[in-house]
Amino acid sequence: MEQKKIIFSGIQPSGELTLGSYIGAIKNWVNLSEEYECYYCIVDMHAITVRQKPAELRKRTLSQIAQYIACGLDPDKNTIFIQSHVPAHAEMAWVLNCYTMFGELSRMTQFKDKASKNAENVNAGLFTYPALMAADILLYQADLVPVGDDQKQHVELTRDIAQRFNSVYGDVFKIPGHYIPKVGARIMSLTEPEAKMSKSDKGSGSCIYLMDKPEDIIRAFKRAVTDSETVVRYNPETKKGISNLMTIYSVATGKSFQDIENEFAGKGYGEFKLAVGESVVELLRPIRERAEDLMKNKDYLTQVYRDGAEKASRTAARTLRKVHKKLGFVER
Ligand code: ATP
Ligand code: LTN
């Protein structure tokens, strides 16, 4: 039988999952999960590059597992696990740190962005974050990494690190590619359509969370920033707000941009925004209900992440062993 290709992706439990991360990443994880062998991780070690409240981090990590499953990831078919449960990630990250250049890390836009937002805590972990992400991906010899547009630079750096290592030691790592969706790679903030929708913008109405209540979702869409024209037309250069809403509506309903323009020809923005809000309520309703149910069953969730870590550990240990041998570390 032909070996399935491998997928690895992860999300930090640094906040609640958003509609942006669902459309940009998780939705594609679900689509790809039949065809590939998939590892989906909750990257809690990445999350501590920014200060977290311990009780909240613990709760969000568990609830993120429930939300992965509720989005349609079947734990029997996908390996769902918590990064800190597989020590090989930390061990491999150290090795890869020694094959990652200061200059490369300095150029990462996410680092520059987070360093400016957390000026009082620009720690070394925040800087070397991409080496840990490379370790995540390379440990599993992943072929493909499904992420949103903002993570493309990190996946490209992972490829460079892998190639650098391979050029010294032979074919150790598979060189991974990124999988970025054609529609929805960068969902924008509802209140500031020039900026990415981000889970750290809590409370401003700019962001929709998977667990939001229907009335909050509708309210946020009613308030979404549009423009001074009154025509529903796709143009991400001049009509950022409307184009973003059209993207969301297209993903939620399966309609093309042309269909959407026809549907709302001659109608006002109010009607359009309400329709987008309602489509998102229906998209998220089953996910929220399922996740709430799963959160009541902690034993099941524990079983899922323990089984996941066991399976992930086996694969990760194989790559780590190979790397240690190549480096000249004495076998344990
Ligand atoms: P933070 O605000 O802490 O940086 P975030 O909201 O950007 O977090 P991440 O955890 O960094 O979310 O992202 C999880 C995954 O979802 C990544 O693959 C990322 O590329 C994707 N993603 C996040 N936000 C969006 C968005 N607005 N549009 C499309 N994809 C997104
Ligand atoms: N850096 C990513 C999260 C992340 C990741 C990964 C994504 C950590 N390790 C491995 C894909 C593959 C983020 O900030 N969203």
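The values are calculated or read from the model by the stated rules, or taken from the named source; none is laboratory data. Remember, predicted model here, so these are calculated numbers, not experimental data. Positions of Cβ are backbone-derived with ideal geometry, glycine not excepted, and every protein chain shown enters the neighbour counts. These accessible areas exclude ligands, DNA and RNA; they are computed on the full protein's heavy atoms, side chains included. Shrake-Rupley method; radii C 1.70, N 1.55, O 1.52, S 1.80 Å.
Before moving on, here are some points about what is shown:
- Difference of contour (0.36 nm per residue) and Cα-Cα distance, residue 331 to residue 227: 31.1 nm
- Rolling a 1.4 Å probe over the protein chains gives residue 212 an accessible area of about 30 Å².
- Charged neighbours of residue 126, selected by a Cβ distance under 11 Å, balance to +3 (K, R count +1; D, E count -1).
- Straight Cα distances below 21 angstrom link residue 239 to the lysines 182, 196, 222, 255, 267, 273, with same-chain residues fewer than 8 positions distant left out.
- Whole-Hz couplings from phi, Karplus 6.51/-1.76/1.60, listed for segment 43-49; x for Gly and Pro: 8, 6, 5, 5, 4, 7, 5
- Of the residues 155, 225, ranked by 1.4 Å probe accessible area with the largest first, the sequence reads 225, 155.
- The alpha carbon centroids of segment 30-84 and segment 144-188 are separated by 19 Å.
- Atom-type composition of the exposed protein surface of the chain places 51 percent of the accessible area on carbon and sulfur (1.4 angstrom probe).
- Put simply, the amide H of residue 188, placed in the peptide plane, has neighbours under 5 Å in 197, leaving out anything fewer than 5 places away on its chain.
- For the chain, share of DSSP beta bridges that run antiparallel, in % to the nearest 5: 10 percent
- Per the Kirkwood formula applied to alpha carbons, the chain shows a radius of gyration over Rh ratio, Rg over Rh, of 0.99.
- All-pairs Cα distance distribution in segment 59-101, expressed in whole percent, bin size 5 Å: 5, 18, 19, 16, 15, 12, 11, 4
- About its Cα centre, the chain has a charge dipole of approximately 780 debye under the convention of +1 per Lys or Arg Cβ and -1 per Asp or Glu Cβ, with nothing else charged.
- Positive minus negative residues near residue 289 (Lys, Arg vs Asp, Glu; Cβ under 14 Å): +1
- In this structure residue 50 has an accessible area near 40 Å², from a 1.4 Å probe over the protein heavy atoms.
- Listed residues 59, 326 arranged by accessible area, highest first, probe 1.4 Å: 59, 326
- Placing pseudo-labels 7 Å out from each Cα toward the beta carbon at residue 116 and residue 34 gives an inter-label distance of 4.4 nm.
- Rounded accessible area of residue 109 (nearest 10 Å², 1.4 Å probe): 80 Å²
- Annotation: amide H-H contacts under 5 Å for residue 177 (H modelled 1.01 Å from N, sequence separation of 5 or more, or interchain): 144, 145.
- Shape of segment 67-196, Cα gyration tensor, a/c cut at 1.5: oblate
- In order through segment 206-220: 3J(HN,Hα) via Karplus (6.51 cos²θ - 1.76 cosθ + 1.60), integer Hz, x for Gly, Pro: 8, 10, 9, 9, 4, 9, 5, 6, x, 5, 5, 5, 4, 4, 5
- Within the chain, helix-based [θ] at 222 nm, where runs of 4 or more DSSP H residues each add -39,500 (n - 2.57), nearest 500: -16500 deg cm²/dmol
- Cross-link partners of residue 296 among lysines, defined as those whose alpha carbon lies under 17 angstrom from its own and excluding same-chain residues fewer than eight positions apart: 59.
- In order along segment 266-281, the Karplus-derived 3J(HN,Hα) couplings, from 6.51 cos²θ - 1.76 cosθ + 1.60 at θ = phi - 60°, round to x, 9, x, 5, x, 5, 5, 4, 5, 4, 5, x, 5, 5, 6, 4 Hz, and Gly and Pro are given as x.
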